[in-house]
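Below is one structure, written out as structure tokens; comments come after it.
The values are calculated or read from the model by the stated rules, or taken from the named source; none is laboratory data. Since this is a predicted model, take the numbers as computed values, not measurements. Please note: Cβ atoms are built from the backbone with ideal geometry, for glycine as well, and neighbour counts cover all protein chains shown. Only protein heavy atoms, including side chains, enter the accessible area calculation; ligands, DNA and RNA are left aside. Shrake-Rupley method; radii C 1.70, N 1.55, O 1.52, S 1.80 Å.
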Amino acid sequence: MKQTPASKAISWANFAAIHGNANAFNLCPHGNWYFLPWHRAFLLMYERTVRQLTGHNDFALPYWDWTADRQLPAAFTQPTWNGKPNPLYESQRSMSPTDSLPDEIVGQGVIATILGETPFETFGTSRPSGQNSLDQSWINCEGCGVSGTLEATPHNNVHNIVGGLMGGTQSALDPIFMMHHCNIDRIWGVWNVNNQNSNDPLWTDMTFQNNFYNPDGSFYSPKVSDMYIPETLGYTYGLARPAAAAVAPAVMALGDKIKTLYATPNVSSAAGIKTFTAPNAQQATATAPLDIAVEVDRSLLVAVARLAPAGADRELLDFNTARERAASGPRALAFIRDVAVTQHKNTLYRVFIDCDYLSQGTPISDPHYVGTFGIFGVHEGHGGKPAAKPSIVVDLTRAIKRVFGSATDQTGRIRIQILPVPNKPAAGPTGTAAPGRIEVAFVSA
């Protein structure tokens, strides 16, 4: 495929240009709820093409499980293979063969957080703000939704840390792109074992019109609803098929409330929802973390802080029991809105709450730590249009319990802090982050 001219439909360069070129992203969605199904269809296009070109009809793309294998797979790091140039090698990567991805972006704790997120729009990134139709323009409105942990943490940061082509709009030219996105796709499959996708027609009925190619060069235009089950698409991760298990009423009610947060722009108060906002005009730097005080209802903060544990270890072995217990009390979410960043390809953005001693030396094991996000491809947009400033959601519930659970003089204020740190040794200048506002939402079933 690399030897075929870019003018040909079935070529490495032309396939990669569907995702993006040197100037901008093209058809790919990031920062909205089409992110997962679109990239599944993109991977499927490659897999089917390889089967056609090689005659190996059982070929399936491998995935790079970066939680288990923190370094680049060896097959991608060797400049030559059998005495010839290795087509999987990419010289522009800044991640060396001996560099390892850190726990805070791919560790077991991050994966546990991702697999515990509900509903779909928290797990797989939310709908575009204000979406009211199935017009194709909603697919690639870059950054127009709210990214959850899956996209904001392992997805974005692995792109940036691998670096080179992977760090920007031409990322699909690097073959490691496929292995990275296959693992994102696998995590979606794992999540589906215990969770249902969105049933909103604005998601399920969207068609990716003429976005992809069949192996014969004709267009492939699947709907989102065609992308649900890998086995129907000709590949598998060996997982249990999604079960239509009954969802506990509390879990369903909490999920519906969280959906309302995404579907109703600027909602401040509704049944089971209360949102508090603090505007911001400052930026976080490596030497001066951003510290934004959000005034909230003290009783709601206390209710989250005093939540009983989810259950005994034996009960936690039952995913559905644990999820039902977690839904029995309120959750606190922080929406970090419209984040302007610099040097994002070099930077991890750590989130803390109420940490009076926060510095570069504060470890992620600190009880005030909430999570880490990254930004991928910011301000590069689609087709020459500027991208929306990205927005991120992080769950504050566990950190609030750790920090305020034993407090006897709890105030009605929570401080959201952002600390930029380098994403690898010798990463280059550490960037900055300046959200337009912070919203803290308390949601209960």
- Task: Report, ordered by the first and then the second residue, all pairs with beta carbons closer than 6 Å, sequence separation of six or more or different chains, a first member in the stretch 175-199 that is open to solvent by 20 Å² or more (accessible area, probe 1.4 Å), and a second member that is in a helix (DSSP H, G or I) and charged (D, E, K, R).
- Result: none
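Conditions tested, residue by residue: (1) open to solvent by 50 Å² or more (accessible area, probe 1.4 Å); (2) within 18 Å of ASN183 (Cα to Cα); (3) without any contact (Cβ under 8 Å) to a residue 60 or more places away in the chain.
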| residue | (1), (2), (3) |
| --- | --- |
| SER11 | no, no, yes |
| ASN21 | yes, no, no |
| LEU27 | no, no, no |
| ASN32 | no, no, no |
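Output the number of residues of the stretch 1-38 satisfying the condition of being assigned to a helix (DSSP H, G or I) and within 18 Å of GLY167 (Cβ to Cβ).
4
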- Conditions (1) among the charged types (D, E, K, R); (2) in a loop (DSSP other than H, G, I, E, B); (3) modelled with pLDDT of 95 or more; number of the one not met by GLU121: (2)
- Condition set buried (at least 22 other Cβ atoms within 10 Å of the Cβ) and among the acidic types (Asp, Glu), scope the stretch 115-142, selection nearest to VAL393 (Cα to Cα): answer is GLU121
- Message: Among the listed residues ALA270, ALA243, ALA253, identify the single one that is modelled with pLDDT of 80 or more, open to solvent by 30 Å² or more (accessible area, probe 1.4 Å) and among the hydrophobic types (A, V, I, L, M, F, W, C).
- Response: ALA270
- Query: Residues of the stretch 200-209 being surrounded by fewer than 20 Cβ atoms within 10 Å (Cβ to Cβ) and either farther than 23 Å from GLY124 by Cα or aliphatic (A, V, I, L, M) (or both), which ones?
  - Reply: LEU202
- Note on the structure: Picking from ASP69, ASP65, ASP103, ASP99, the residue that is acidic (Asp, Glu), surrounded by 13 or more Cβ atoms within 10 Å (Cβ to Cβ) and without any contact (Cβ under 8 Å) to a residue 12 or more places away in the chain would be ASP69
- Task: Show the residue pairs that are 6+ apart or on different chains and have beta-carbon atoms under 9 Å apart, the first residue being within the stretch 237-264 and within 21 Å of SER391 (Cα to Cα) and among the hydroxyl-bearing types (Ser, Thr, Tyr), the second being assigned to a helix (DSSP H, G or I) and at pLDDT 85 or above.
- Result: TYR262/GLU121; TYR262/THR122
- Query: Any chance the stretch 40-48 includes a residue that's open to solvent by 20 Å² or more (accessible area, probe 1.4 Å) and either in a loop (DSSP other than H, G, I, E, B) or at pLDDT 95 or above (or both)?
  - Reply: yes
- Of the conditions (1) assigned to a loop (DSSP other than H, G, I, E, B); (2) closer than 23 Å to GLY148 by Cα; (3) at pLDDT 95 or above, VAL378 fails just one. Which one is it? (3)
- Message: Given the criterion open to solvent by 70 Å² or more (accessible area, probe 1.4 Å), under 24 Å from the mean Cα position of the chain (by Cα) and of a type in the set (Val, Ile, Thr), identify the matching residue among THR285, THR260, THR236.
- Response: THR236
- All positions within the stretch 210-220 that are out of contact with any helix residue (DSSP H, G or I) (no Cβ under 9 Å at 6 or more places or on another chain), open to solvent by 40 Å² or more (accessible area, probe 1.4 Å) and not hydrophobic (A, V, I, L, M, F, W, C): ASN210, SER218
- Lone qualifier among THR397, THR362, THR372 - being polar (S, T, N, Q) and under 30 Å from GLN92 (Cβ atoms): THR372
